[in-house]
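Engineer: One structure, pasted below without further comment.
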Amino acid sequence: MSPTPSKRVSGSVSRKKPMGKGSTKSAIKAGTKAAAKISAKTSAKTAKGAKDRSLGLLPKQLVIQMLDMMVKSRVLEERLIKVYKTGDAFFWIGGPGEEAFGVPLGLLVNKGQGPAHDYLHLHYRGTPTLIAMGMPMIESIRLIMNRSTDVCTGGRNFANHYCFPEWNVVPVGSPIEVQYGMAVGTAMAQRRRKMNKEASGVTIVTGGDAGTAEGDFASCLIWASRPGKEVPLYITVQNNKWGISTSFDDQHGEKHIADRGKAFGIRTNVVNGNDPIESYFAISQDLEYIRKNTKPVLTEFMVSRLYGHSSASGANREAGDCPIDLFEKRLVDSKYVAPGFVKELWAKYDAESREAAEIVRKEPVPTRESIWEHVYVGSENGDWRKF
């Protein structure tokens, strides 16, 4: 691996915890069910002038911070699409529409390196999570433009195929849903540590609804839930109701993907993934349960897919609920932010992403010889002819 983002880009990539341990735990217990119940009625009530009570369940600073990061993530994704459409990249795939799930997840991760911290087995829609964890925008642009300065892959993988060992972000794979099978391995290692009374995090895995038809997902449910050998695994599915161009409703006999966990005795939830407040509390509660009980949880987050599956389908804006628009309206109506707040954020991050793209355009692409690098641990050269 190349140097970490903090070494390549000026400024720290560390983040402050949004809430103290005591306040977080009390807020989770008091607010999780309330947030889900309130958010289901928020739109109708705020339209009539009623107070949006769910916003008050979290500190105002944290609420505004989530909106900020959601906007930053979307601006970055739109910059990546522009980079592709101007011929500076071969392919784009990303997660516009998943910000209200991804940002809360990134804020709640126990970030660090090694099994004492959380492992993340993400799929290729994880930009909001990485932005919330502190990833600079320029690192994502280096990745899609395949520059040798790319700290994730050395310029040799697709957009959003992140890898940050210093944050336990396992390399994102292109084959659909293989991360579900891989996640069991790190969760098993963490279970062993927990049984030995050593510091241990949990394993978090994300994926799409269509990929749950793969055997890796079924294997994950089986291995995560063996009686007496359950593992601390947070199994999440971001259901945007589409698998490339195939509708969810034409392919799934179950009402909710989360229902499949019930047969294995796994705790399950279905969450409005377009509501960052509900997502924050759901993720908080799930992670607290896993850390305490060393057992898996399967949660399905209902999200939007706003720019199609990838650049293969055009990467044009499609119909669907925009979580940023919905959240902005709530914050404006509740006088948390001024009406032009998001517009100002957008302009700021658009300028930052444009400047970053100009910098990356001047950076070198990988050389032919570098294909043998980073094949083995310790950067041992992988050229078979030299063995």
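Engineer: With label points built 7 Å along Cα→Cβ from the Cα atoms of E318 and Q251, find their separation and express it in nm.
Structural biologist: Calculated label separation equals 1.1 nm.
Engineer: So, one more: Please report Rg (one decimal) and Dmax (integer) in Å for the Cα set of segment 262-387.
Structural biologist: Final numbers for Rg and Dmax: 22.5, 66 Å.
Engineer: Separate question: What residues qualify as long-range amide H neighbours of W242, i.e. H under 5 Å apart, gap of 5 or more or another chain, H built at 1.01 Å from N?
Structural biologist: F248
Engineer: Moving on to the next point. Counting other beta carbons within 10 Å of each residue's own, what order do D275, D250, D383 fall into, fewest first?
Structural biologist: D250, D383, D275
Engineer: Springs between alpha-carbon atoms under 10 Å, Gaussian network over the chain: tell me which of Q190, Q179, Q285 tops the mean-square fluctuations.
Structural biologist: Q285
Engineer: Who wins for biggest fluctuation among R147, R156, R193 in a Gaussian network model of the chain, springs between alpha carbons below 10 Å?
Structural biologist: Greatest mean-square fluctuation among the candidates belongs to R193.
Engineer: Further question on the same structure: With springs only between Cα atoms under 10 Å, which of Y336, Y349, Y162 fluctuates most in a Gaussian network model of the chain?
Structural biologist: Result for the chain, Cα springs under 10 Å: Y336 fluctuates most.
Engineer: Sticking with this structure for a sec: Of all DSSP beta bridges located in segment 194-352, what percent are antiparallel, nearest 5?
Structural biologist: Antiparallel bridges make up about 10 percent of those DSSP assigns within segment 194-352.
Engineer: Which loop-located GluC sites (Glu not before Pro) does segment 253-358 contain, where loop means any DSSP state but H, G, I, E or B and the Cβ has at most 14 other Cβ atoms within 10 Å?
Structural biologist: Counting only loop positions with at most 14 other Cβ atoms within 10 Å, the GluC sites (Glu not before Pro) in segment 253-358 are E254.
Engineer: Order of S279, S219 from fewest to most other C-beta atoms within 10 Å?
Structural biologist: On the way: S279 30, S219 14.
With the fewest neighbours first, S279, S219 line up as S219, S279.
Engineer: Also, I was wondering about something else. From the phi of every residue in segment 379-384, what ³J(HN,Hα) in whole Hz does the Karplus formula 6.51 cos²θ - 1.76 cosθ + 1.60 yield, where θ is phi - 60° and glycine or proline is x?
Structural biologist: 6, 4, 4, x, 5, 4
Engineer: What are the ³J(HN,Hα) values, in whole Hz, obtained from phi via the Karplus relation 6.51 cos²θ - 1.76 cosθ + 1.60 with θ = phi - 60°, for each residue of segment 321-336 in sequence order, with x given for Gly and Pro?
Structural biologist: Values, residue by residue: 5, 9, x, 5, 4, 5, 6, 4, 4, 4, 6, 5, 4, 8, 6, 6 Hz.
Engineer: If you average the alpha carbon positions of segment 156-191 and of segment 50-65, how far apart do those two centres end up, in angstrom?
Structural biologist: 33 Å
Engineer: Kindly identify segment 59-190 as rounded, prolate or oblate by the Cα gyration tensor criterion: order the square roots of the eigenvalues as a ≥ b ≥ c, call it rounded if a/c is under 1.5, otherwise compare a/b with b/c, prolate if a/b is larger, else oblate.
Structural biologist: The shape class here is oblate.
Engineer: If you don't mind, another one. With a 10 Å Cβ neighbour count serving as the proxy for reagent exposure, in which order, fewest first, do F281, F301, F101, F164 appear?
Structural biologist: Working: F281 26, F301 29, F101 32, F164 23.
So the residues, fewest neighbours to most, are F164, F281, F301, F101.
Engineer: Do any trypsin sites (Lys or Arg not before Pro) in segment 214-283 lie in a DSSP loop with no more than 13 other beta carbon atoms within 10 Å, and if so, which?
Structural biologist: The qualifying sites are K229, K255.
Engineer: Additional query: Quick one: of the DSSP bridges fully inside the chain, what percent are antiparallel, nearest 5?
Structural biologist: Rounded to the nearest five, the antiparallel share is 15 percent.
Engineer: Now for a separate question. Please label the shape of segment 163-294 as rounded, prolate or oblate, based on the square roots a ≥ b ≥ c of the eigenvalues of the alpha-carbon gyration tensor (a/c under 1.5 means rounded; beyond that, a/b larger than b/c means prolate, else oblate).
Structural biologist: Prolate shape, in that a/c is at least 1.5 and a/b is the bigger ratio.
Engineer: Starting with the highest mean, order 124-135, 198-209 by the number of other Cβ atoms within 10 Å, averaged over the residues of each peptide. Write out the running numbers ahead of the final one.
Structural biologist: Working: 124-135: 25.5, 198-209: 23.6.
Result, highest mean first: 124-135, 198-209.
Engineer: What spacing in nm lies between the two simple spin-label points modelled at E355 and I64, each 7 Å away from Cα in the Cβ direction?
Structural biologist: Modelled inter-label distance: 2.2 nm.
Engineer: Apply the a/c threshold of 1.5 to the C-alpha gyration tensor of segment 64-127 and tell me whether it is rounded, prolate or oblate.
Structural biologist: Cα axes put segment 64-127 in the oblate bin.
Engineer: Here's a follow-up. Percent relative contact order of segment 28-363, based on C-alpha pairs within less than 8 angstrom and at least six residues apart?
Structural biologist: Dividing the mean separation by the residue count of segment 28-363 yields 22 percent.
Engineer: Another question, if that's okay. So which trypsin sites (Lys or Arg not before Pro) in segment 292-387 pass both tests, a DSSP loop state and at most 10 other Cβ atoms within 10 Å of the Cβ?
Structural biologist: Passing both the DSSP loop test and the Cβ count: K335, K362.
Engineer: For the chain, what is one quarter of the convex hull surface built on the Cα atoms, given in nm²?
Structural biologist: Values: hull surface 80.2 nm².
Average projection, Cα convex hull of the chain: 20.0 nm².
Values quoted throughout were computed directly from the atomic coordinates according to the rules given, and no laboratory measurement underlies them. This one's a predicted model, so the numbers in the text were calculated from it and none came from an experiment. Note that we place each Cβ from the backbone using ideal geometry, even for glycine, and neighbour counts take in every protein chain shown.
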